[in-house]
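Chemist: Encoded as C-alpha cells, here's the structure I'll be asking about.
What follows draws every value from the coordinates through simple rules; no lab data is involved. This one's a predicted model, so the numbers in the text were calculated from it and none came from an experiment. Counting neighbours? That spans all protein chains shown, and the Cβs are built from the backbone with ideal geometry, glycine included.
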Amino acid sequence: MKQSIQYKILLPFLLVLFIGMASLIFVLYNINEQNAYLTIKNDMISARRNQELFLRQYFLINNLEISHLSLINESDSISKSLSARLGSDVRVYPNISSDTIDLPKDEGFSLALEGDTAYTVFFDRGRVTATISFPIQIEGKIIGIMTYSKDYTDLFNKNSRFLLITGLFAAAIFLAMLITSYLISGHLVKPIKSLIRNTDQISKGKYDLDIDIDSRDEIGELANKFEDMAKTVKRQIEIIEKDRDEIRETQEQTKSFFDNVTHELKTPLTTILGYAQVIKENGFTDKEFFDRGTSYIINEGQRLNDLVMDILNASRTSSNLGEYDFQELDLTELLRQTCDEMRIDAGQYDIQIDDEIQDNLLIRGDRDRLKEVITNLLDNSIKYGYTNSTIRVVAFSKGPLTFITIKDRGIGIPEKDLDRIFEPFYRVSGNAPKRGGSTGLGLSIVKNIIEIHGGAIDIKSQVNQGTEVNISLGGD
Ligand SMILES: Nc1ncnc2c1ncn2[C@@H]1O[C@H](COP(=O)(O)OP(=O)(O)OP(=O)(O)O)[C@@H](O)[C@H]1O
Ligand SMILES: [Mg+2]
C-alpha cells in the first residue's frame, strides 16, 4: 500500500499529541479527585474536633456530668443544636448495644464501634455525601457514637465541570493542531507531488516541464536541480536523435551510392560482354560487325575507366583531410588560368567566359582541389548552357570571406531537383548534356572539397533561364 509522506508526518505527531492530551486529562482528573478527598478529610477532622469541643462545653454549660445516662437524655438536644450550628446533619447514638436496631451499617460506623474514627464517602443518585463516625469515650469506655454528614455534591460537580471544560479545550487544541499540521504537511508535500507529476511526464518522454515550485528550501533546490537535469536529458536526447537521423541519412546515401555505382558499372560491362561474346562466336567472318564491336568495346572500356577514375576521385576528395595540401595561394591567378583553359572547350559551343576577378585574392587552400572545383562548375555551365551564350565568373573578397560566383544562361535546374543535385550520381532527368561521359559525381566532389576548405556552396537556378553557383571561402 502506498504510504503518503503527509500521513507519515501527521500520524506520529497526532498520536503523540493525543497521548499527551489524554495523559494531561488523566493527571488533572486524579489531582482534582485527590484534592476533593483531601478537602473532605480536612473537613471531617476539623468537624470531629469541633464536635468534641462542643460536647464538652455542652455538658459544662448545662452543669451535667458526662455519663452514658446523661448522653441518652441529651442526645436529641445535642444533635439538634450541633446540626443547626454546623448546618449539617449531626447525630448522636447513645444506644450502641448489639441488639439496637436502626444503627447505621456503614464501615465507618462499624469502625467507630471498635473505638476508631473513620469517614466514608457515599455516591448515591448523583449526590455525594461524606460521613464521619467517631466514638464518645469516658475513661476509655465507649458510651456512644457521633456521626456527622456533609453534602459534597457541589464540590464533585465543580470538579466534573472543570474536567469537562479541560476535555473540550484539549479536544479543540487537538482539532486545531490536526488542521494546522494537515495544512503544513500538505504545503510541504505539494512540491514533492509536483515533482512526481513532472517525473511522470519525463517517463512519457515530455521534457518541457511545468515545475511550479518557488520555495527557497531544500525542496526548492531539488526542484531546480531536477529541472536542470530534465533540460540536460532533453539536450542529450536531441543530440542523440540528430546523430541517429544523420546516421540513417548516411546509411541511405551509402546504399544509394553503391546502387548507383553498380548500375553505372553494369551498363558498359553488359555492352562489352555482349560484343565480346558475339565476336568470339563469329570470329572475323563479319568484318563490319567486328570493327563496330571492337570500337564499342574500346569506347565502353574507356567510359568504364573514366567512371572508375571519377569514383576514386570522389572517394579521395570526400573526407580524407590527410590527402589535402593546404597552403597560401593566389586565387586570382588560379581562377584566371582555369577560365583561360576552359575557354578552348567553351569555344566549341560558341560560349564565352567573362571574368571579373578581383586582384590579389589570397586564400589558404589546396590548389589542385580548388582548380577541380572551378573546372567542374565551368564544365557544367558549358554542358548545360545555351550555345552562343556567356558564362560570367566573378570573385571578390569581403571582410574575412572570399566569394566566387559562376553564372550561366542555359537549361537551368528545376526547383524540386535543387536539393538533390549534390548527391553522388544524381542527374536531373531530361537535362541532356551537350556531350557524353557525365556520371553525376561532379557536384558531390565540388561540395566535399568546399566543405573541407571550411566554405559553403549554394546553387540558384531557373529553368530555361540559367544557373548561378555561389561559393564562399575563408570562414571559420
Ligand atoms: N549549370 C547547370 N545547368 C543546368 N543543370 C546543371 C548545371 N550544373 C549541374 N546541373 C545538373 O545537376 C546534375 C549534377 O551535376 P554534376 O556536375 O554532379 O553531374 P554531371 O555534370 O551530370 O556529371 P559529371 O560532373 O560527373 O561529369 C547534372 O546532371 C545536371 O542535371
Ligand atoms: Mg558536372
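Chemist: Got a sec? Which of 170, 176 is assigned to a helix (DSSP H, G or I), touching a residue at least 12 places away in the same chain (Cβ under 8 Å) and more than 23 Å from the chain's Cα centre (by Cα)?
Modeler: After ruling out the rest, the residue left standing is 170.
Chemist: Quick one: is residue 458 among the acidic types (Asp, Glu) and assigned to a strand (DSSP E or B)?
Modeler: Here the answer is yes, as residue 458 does meet what is asked.
Chemist: Still on this structure, I have one more. Suppose we filter 392, 364, 369 for residues that are more than 9 Å from ligand 1 (Cβ to nearest atom) and over 20 Å from residue 327 (Cα atoms); which single one remains?
Modeler: Answer to the selection: 392.
Chemist: All but one of (1) among the polar types (S, T, N, Q); (2) within 30 Å of residue 170 (Cβ to Cβ); (3) without any contact (Cβ under 8 Å) to a residue 40 or more places away in the chain hold for residue 46; which doesn't?
Modeler: (2)
Chemist: Working only within segment 121-153, note down all residues that are charged (D, E, K, R) and either farther than 15 Å from residue 45 by Cα or surrounded by fewer than 13 Cβ atoms within 10 Å (Cβ to Cβ) (or both).
Modeler: Correct list: 124, 125, 127, 139, 141, 151.
Chemist: How many residues, within segment 5-36, are among the hydroxyl-bearing types (Ser, Thr, Tyr) and surrounded by 15 or more Cβ atoms within 10 Å (Cβ to Cβ)? Quick ask: steps written out before the conclusion?
Modeler: Of segment 5-36, the ones among the hydroxyl-bearing types (Ser, Thr, Tyr) are 7, 23, 29.
Going one step further and asking which of them are surrounded by 15 or more Cβ atoms within 10 Å (Cβ to Cβ), we end up with 29.
Going through segment 5-36 one residue at a time, the tally reaches 1.
Chemist: While we're here: Step by step: first the residues of segment 256-271, then only those that are farther than 19 Å from residue 420 by Cβ and in contact with a helix residue (DSSP H, G or I) (Cβ under 6 Å, 6 or more places away or on another chain), then the one that is surrounded by the most Cβ atoms within 10 Å (Cβ to Cβ). Which residue is that?
Modeler: For segment 256-271, the residue satisfying everything is 268.
Chemist: If a residue must be without any contact (Cβ under 8 Å) to a residue 24 or more places away in the chain and small (Gly, Ala, Ser), how many such residues does segment 179-210 contain?
Modeler: Residues that pass the stated criteria total 2.
Chemist: Follow-up. If I filter segment 463-476 down to residues being among the small types (Gly, Ala, Ser) and either under 19 Å from residue 357 (Cβ atoms) or near ligand 1 (Cβ under 7 Å from one of its atoms) (or both), which single residue comes out as surrounded by the most Cβ atoms within 10 Å (Cβ to Cβ)?
Modeler: First, the residues of segment 463-476 that are among the small types (Gly, Ala, Ser): 466, 472, 474-475.
Pick out the ones that are also either under 19 Å from residue 357 (Cβ atoms) or near ligand 1 (Cβ under 7 Å from one of its atoms) (or both) and you get 472, 474.
Working: 472: 17, 474: 20.
Only one residue fits best here, namely 474.
Chemist: Same structure again: Can you tell me which residue within segment 342-357, out of those that are touching a residue at least 24 places away in the same chain (Cβ under 8 Å) and part of a loop (DSSP other than H, G, I, E, B), is surrounded by the most Cβ atoms within 10 Å (Cβ to Cβ)? Walk me through how you get there before you give the answer.
Modeler: Filtering segment 342-357 down to residues touching a residue at least 24 places away in the same chain (Cβ under 8 Å) leaves 342, 345-346, 349-357.
Pick out the ones that are also part of a loop (DSSP other than H, G, I, E, B) and you get 349-351.
Details: 349: 15, 350: 10, 351: 24.
Top of the filtered list is 351.
Chemist: Just to be sure I understand, how many residues within segment 63-102 are surrounded by fewer than 16 Cβ atoms within 10 Å (Cβ to Cβ) and closer than 23 Å to residue 151 by Cβ?
Modeler: 10
Chemist: Okay, next question. Any residue in segment 324-341 that is more than 19 Å from residue 458 (Cα to Cα), buried (at least 18 other Cβ atoms within 10 Å of the Cβ) and within 16 Å of ligand 1 (Cβ to nearest atom)?
Modeler: yes
Chemist: On to the next question. Taking residue 416 and the conditions (1) more than 55 Å from the chain's Cα centre (by Cα); (2) away from ligand 2 (no atom under 15 Å from the Cβ), which numbered condition does it fall short on, given that it satisfies the others?
Modeler: Going through (1) more than 55 Å from the chain's Cα centre (by Cα); (2) away from ligand 2 (no atom under 15 Å from the Cβ) one by one, residue 416 breaks only (1).
Chemist: Do any residues in segment 452-476 that are free of Cβ contacts under 8 Å to residues at least 60 places away in the same chain have Cβ atoms under 8 Å from those of residues that are within 16 Å of ligand 2 (Cβ to nearest atom) and of a type in the set (S, T, N, Q), where the two are at least six apart or on different chains, and which pairs are they?
Modeler: That search, which allows pairs on different chains as well, returns 459/467; 460/467; 461/467.
Chemist: Within segment 426-462, work out how many residues are more than 8 Å from ligand 1 (Cβ to nearest atom) and crowded, with 17+ Cβ neighbours inside 10 Å.
Modeler: The qualifying residues number 8.
Chemist: Would you point out the residue of segment 1-34, among those that are more than 25 Å from the chain's Cα centre (by Cα) and polar (S, T, N, Q), that is nearest to residue 188 (Cα to Cα)?
Modeler: In this case the residue turns out to be 23.
Chemist: Let me ask something additional. Counting only residues that are more than 13 Å from ligand 2 (Cβ to nearest atom) and polar (S, T, N, Q), which one in segment 429-476 is nearest to the chain's Cα centre (by Cα)?
Modeler: The qualifying residue nearest to the chain's Cα centre (by Cα) is 448.
Chemist: Counting just the residues of segment 415-425 that are more than 8 Å from ligand 1 (Cβ to nearest atom) and farther than 25 Å from residue 371 by Cβ, which one comes out surrounded by the most Cβ atoms within 10 Å (Cβ to Cβ)?
Modeler: Here the answer is 418.
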